[in-house]
Amino acid sequence: MAIKEYRLKKKRLFLLDIDGTVCKGKQLIGGAKELLQEIRQSGGKFVFVTNNATKSIHDYKETFKELGIETDDTNFVTASYVTIRYLKKNYKNQVIYVLGTESLIQELKQHQIKVTTDCRRKDIACVLVSYDNQLTYQKIQDTCELLATRKVDYIATNPDYTCPIEFGYVPDCGSICEMIEHAVKKKPYYIGKPETAIVDTAIRLNEFSKEETLVVGDRLYTDILCGKRAGVDTALVLTGESTLEESKKCEYRPDYIFDSVAGLYKEWR
């Protein structure tokens, strides 16, 4: 057996992106359910390490339940989760202005983060921007006004430019931040992938080694780069944003490439 095949067979902790990797919109990608079931039955663990902060962990559990996959809190380490940890560490009891979904805002409040959507509030310490599928131009304008007229910190949940859905793609957090940047000439500090906090946290919360861990995703510049920075093996699936041609030119090439998670399931099994 080749070394790479042997390494793949030993994987037990699968850190899986969601959009473009196991789901497109509200639909499972072929092979995803079988892979998740086999991981669980073999004594392994799957953890969703998504940059998509439009949903809380509670929302994601409900989504996967509708898709026939039972999960609990331990199956998720999301960009919103690591953002909450970052805010608690760096902005304890300070006010955070949020451009994001109502679900994200409620999740922040549940973790005792002081949040506001009023850009005129005087005690704002930091601006947080996230992927927002409830985005309005007024939200963009308010965020620009705050960043242009006040000295406040500026962070964002993730740098992804697009989010895969059923018909193709829609703008993600990175695109929203670039739009804001053109107006106010400021860039945020991104919390999610390719920063390693999501992967590091998922490994720390589970009983498997880095050698037993595999990061699986559809984006080279977030999923694969994050895994490389964290020192774990990576697998690119070609059901989302990045292409085979792009992977051949990329300086941080994935350890494995599959057409989809169905291909990963077949090779790993």
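The values are calculated or read from the model by the stated rules, or taken from the named source; none is laboratory data. Just so it is clear, the model here is predicted, and its values are computed rather than measured. All Cβ positions, even for glycine, are placed from backbone atoms using ideal geometry, and neighbour counts span all protein chains on display.
Filtering the range 177-221 to residues that are exposed (fewer than 15 other Cβ atoms within 10 Å of the Cβ), within 30 Å of L35 (Cα to Cα) and out of contact with any helix residue (DSSP H, G or I) (no Cβ under 9 Å at 6 or more places or on another chain) leaves R204, E207.
Filter the range 243-266 down to the residues that are farther than 22 Å from A197 by Cα and surrounded by 22 or more Cβ atoms within 10 Å (Cβ to Cβ), then identify the one that is nearest to the chain's Cα centre (by Cα). Result: V261.
Taking the options F46, F14, name whichever one is aromatic (F, W, Y), within 14 Å of R269 (Cα to Cα) and in contact with a helix residue (DSSP H, G or I) (Cβ under 6 Å, 6 or more places away or on another chain). Steps first, please.
Working: F46 fails: within 14 Å of R269 (Cα to Cα).
Just one listed residue meets the conditions, F14.
What residue, among those in the range 86-101 that are in contact (Cβ under 8 Å) with a residue 40 or more places away in the chain and crowded, with 21+ Cβ neighbours inside 10 Å, is farthest from K193 (Cα to Cα)? Once the filter is applied, the top-ranked residue is Y97. The selection criterion, being at negative phi, under 21 Å from the mean Cα position of the chain (by Cα), surrounded by fewer than 19 Cβ atoms within 10 Å (Cβ to Cβ) and not basic (K, R), does not hold for P159.
Per the listing D200, D218, D153, the residue uniquely within 19 Å of L104 (Cβ to Cβ) and of a type outside the set (S, T, Y) is D153.
Being assigned to a helix (DSSP H, G or I), outside the structural domain of L28 (by TED's automatic domain parsing) and either among the charged types (D, E, K, R) or touching a residue at least 24 places away in the same chain (Cβ under 8 Å) (or both) holds for only one residue in C126, C163, C177, and it is C177.
Scanning the range 19-29 for residues that are surrounded by fewer than 24 Cβ atoms within 10 Å (Cβ to Cβ) and part of a loop (DSSP other than H, G, I, E, B) returns G25, K26, I29.
Here is a yes/no grid of residues against (1) outside any helix (DSSP H, G or I); (2) touching a residue at least 24 places away in the same chain (Cβ under 8 Å); (3) within 23 Å of V261 (Cβ to Cβ):
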residue	(1), (2), (3)
E181	no, no, no
V199	no, yes, yes
N206	yes, yes, yes
Y221	no, yes, yes
